Amino acid sequence: MVSGPLWRIRALGLRWDSSEFQVALALFAYLGGIAVVFATGNYSQEQQHLGAENFNIALAILDGRGFSDPFGEQTGSTAWMPPLYPFLLAAGLAISGSKAIVSIGVLSATTLVLTACGTWLFRVARSLDTAVPPVVCPVLFAVWVSLQANWYFALTTDVWLLTALVTSMSAALFAHVHSRRTSSLAWGLLGGLAASSSPTLMVAWGLMGLWFFATAASSRRSWVRAGLIAAMLAAPWGIRNTLLFGKFIPSKSNLAFEFYQANVFDEDGIYDEASMSHHPYNQLSLRAEYASLGEVNFVKEKGDKFFDEALGEPVPYFRRVFNRLRAVTLEYHPGFVGEDRSPLYSVKRFVHALPTWAVLCGLLFGARRHGRVIVAFLAFGGLALLPYVMVAFYMRYLIPLAPVLVLLVFCSTDRVVAATAAIRRQGVSP
């Protein structure tokens, strides 16, 4: 990659040199090409999915019914989904007046978010002392996106939004680990966004914030301020839910239903087509039950079934937890019908397990470098995935964590390469 004079982009305080600009341009061209292929292919139905319940709630907002009706019927107020994505969809629909245009907007936003993520990974790789060329990091990211393109470009869920949030949290985490320069204001804003987007990222944000607090004795007030900022941003949603439903719901209400769906109805604890169909969005009888009982009682009833079964016979639950742990770390589970017949299926299985094996090899056999970065991102990724291991999992839940996984693979591989180079310099066969 050619290095050159500094390109200073004052807007948003970004400063790119020519190498970063070239990487961003290459990523944008490549990812934009993938987006065009999907936009012009036979994916119109999937691309107008727009997050299923999220889209139904957005329609309700536009129709003046407020945040309600997640399953397309007028069942009243809801907290089934976190609030940010439905409100973004409602804004897009209000401006464009077209579901198809909003779908194109989501594809465009996905391309921009992935370009920014890959460019940030290149910047991080260049800031480290590495034996592996830094450009390998965005290349690994582009390979990941290519293999999982269906999740990014065929289904217009909130994957792009969560990827943007994970990338921003990763940038703050890296700044804290690498140079101790994380902004408490930025961390607080990210906490508020996490609470309104994803309960798992909210948990990861909170626990990583406690780590920041514990390891920064001289600036603990800053992290208290970050917590207060996040609490102020999340408070309106929590207060609204408490007043409407009589219970505190900080992000979304359907946790107990997911416990039931993945650990009572599903055989192995990993969502597949059969278990996903057993959902009020897809099944009329469950939708009628939801409408009859109301959201709080419906979720409670399903949660009670799970707890009765898990407490009465806990072994099946823990077997499902173990299955999910394998699915998160080593064993690839297809997310689309016919995916296991794809010529790239073996490659997907290899790439899926690569972060786990790379980190293990890096820690056991690698040179002693990037240790703080690896530990910090292992903690962040582990905390973000822990709820999925304990409750429910399928591949879509892993997709937004791509920047974390790619950075772990890059740093761990660099440890092994550096150790191998050191052995060769000593004249010993590796």
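The values are calculated or read from the model by the stated rules, or taken from the named source; none is laboratory data. Small disclaimer: the values here were computed from a predicted structure and weren't measured. Positions of Cβ are generated from backbone atoms using ideal geometry, with glycine treated the same way; all protein chains shown enter the neighbour counts.
I'm trying to understand the selection: among the residues of the stretch 245-263, which are hydrophobic (A, V, I, L, M, F, W, C) and surrounded by fewer than 18 Cβ atoms within 10 Å (Cβ to Cβ)? Break it down stepwise before answering.
Within the stretch 245-263, the first condition is being hydrophobic (A, V, I, L, M, F, W, C), and the residues that meet it are 245, 248-249, 255-257, 259, 262.
Across the stretch 245-263, the qualifying residues are 245, 248, 255.
Among (1) modelled with pLDDT under 90; (2) surrounded by fewer than 20 Cβ atoms within 10 Å (Cβ to Cβ), there is one condition residue 236 misses while meeting the rest; what is its number?
Of the numbered conditions (1) modelled with pLDDT under 90; (2) surrounded by fewer than 20 Cβ atoms within 10 Å (Cβ to Cβ), the odd one out for residue 236 is (1).
Of the residues 289, 309, which is farther than 26 Å from residue 85 by Cβ, surrounded by 14 or more Cβ atoms within 10 Å (Cβ to Cβ) and over 24 Å from the mean Cα position of the chain (by Cα)?
Values: 289 fails: farther than 26 Å from residue 85 by Cβ.
Checking each option against the conditions leaves just 309.
Go through the stretch 381-390 and give me each residue that's touching a helix residue (DSSP H, G or I) at 6+ places or on another chain (Cβ under 7 Å) and surrounded by fewer than 23 Cβ atoms within 10 Å (Cβ to Cβ).
Of all residues in the stretch 381-390, those touching a helix residue (DSSP H, G or I) at 6+ places or on another chain (Cβ under 7 Å) come to 381, 383-385, 387-390.
Answer for the stretch 381-390, where residues must be touching a helix residue (DSSP H, G or I) at 6+ places or on another chain (Cβ under 7 Å) and surrounded by fewer than 23 Cβ atoms within 10 Å (Cβ to Cβ): 383, 385, 387, 388, 389, 390.
Taking the condition touching a residue at least 40 places away in the same chain (Cβ under 8 Å) and assigned to a loop (DSSP other than H, G, I, E, B), does residue 337 pass?
yes
Residues are listed down the side, and each one gets a yes or a no for (1) under 16 Å from the mean Cα position of the chain (by Cα); (2) within 21 Å of residue 196 (Cβ to Cβ); (3) outside any helix (DSSP H, G or I); (4) among the charged types (D, E, K, R):
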{"residue": "74", "(1), (2), (3), (4)": "no, no, yes, no"}
{"residue": "113", "(1), (2), (3), (4)": "yes, yes, no, no"}
{"residue": "124", "(1), (2), (3), (4)": "no, no, no, no"}
{"residue": "142", "(1), (2), (3), (4)": "no, no, no, no"}
{"residue": "152", "(1), (2), (3), (4)": "yes, no, no, no"}
{"residue": "163", "(1), (2), (3), (4)": "yes, yes, no, no"}
{"residue": "171", "(1), (2), (3), (4)": "yes, yes, no, no"}
{"residue": "176", "(1), (2), (3), (4)": "no, no, no, no"}
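Enumerate the pairs (first residue in the stretch 130-157 and touching a residue at least 12 places away in the same chain (Cβ under 8 Å); second residue anywhere and among the aliphatic types (A, V, I, L, M) and outside any helix (DSSP H, G or I)) with beta-carbon separation below 6 Å, excluding pairs fewer than 6 apart on the same chain, so at least 6 apart or on different chains.
135/1; 156/50
Can you spot a residue in the stretch 128-136 that is among the hydrophobic types (A, V, I, L, M, F, W, C), part of a helix (DSSP H, G or I) and crowded, with 20+ Cβ neighbours inside 10 Å?
No, the stretch 128-136 contains no residue that is among the hydrophobic types (A, V, I, L, M, F, W, C), part of a helix (DSSP H, G or I) and crowded, with 20+ Cβ neighbours inside 10 Å.
Restricting to the stretch 355-372, what's the tally of residues that are surrounded by 19 or more Cβ atoms within 10 Å (Cβ to Cβ) and under 19 Å from the mean Cα position of the chain (by Cα)?
1
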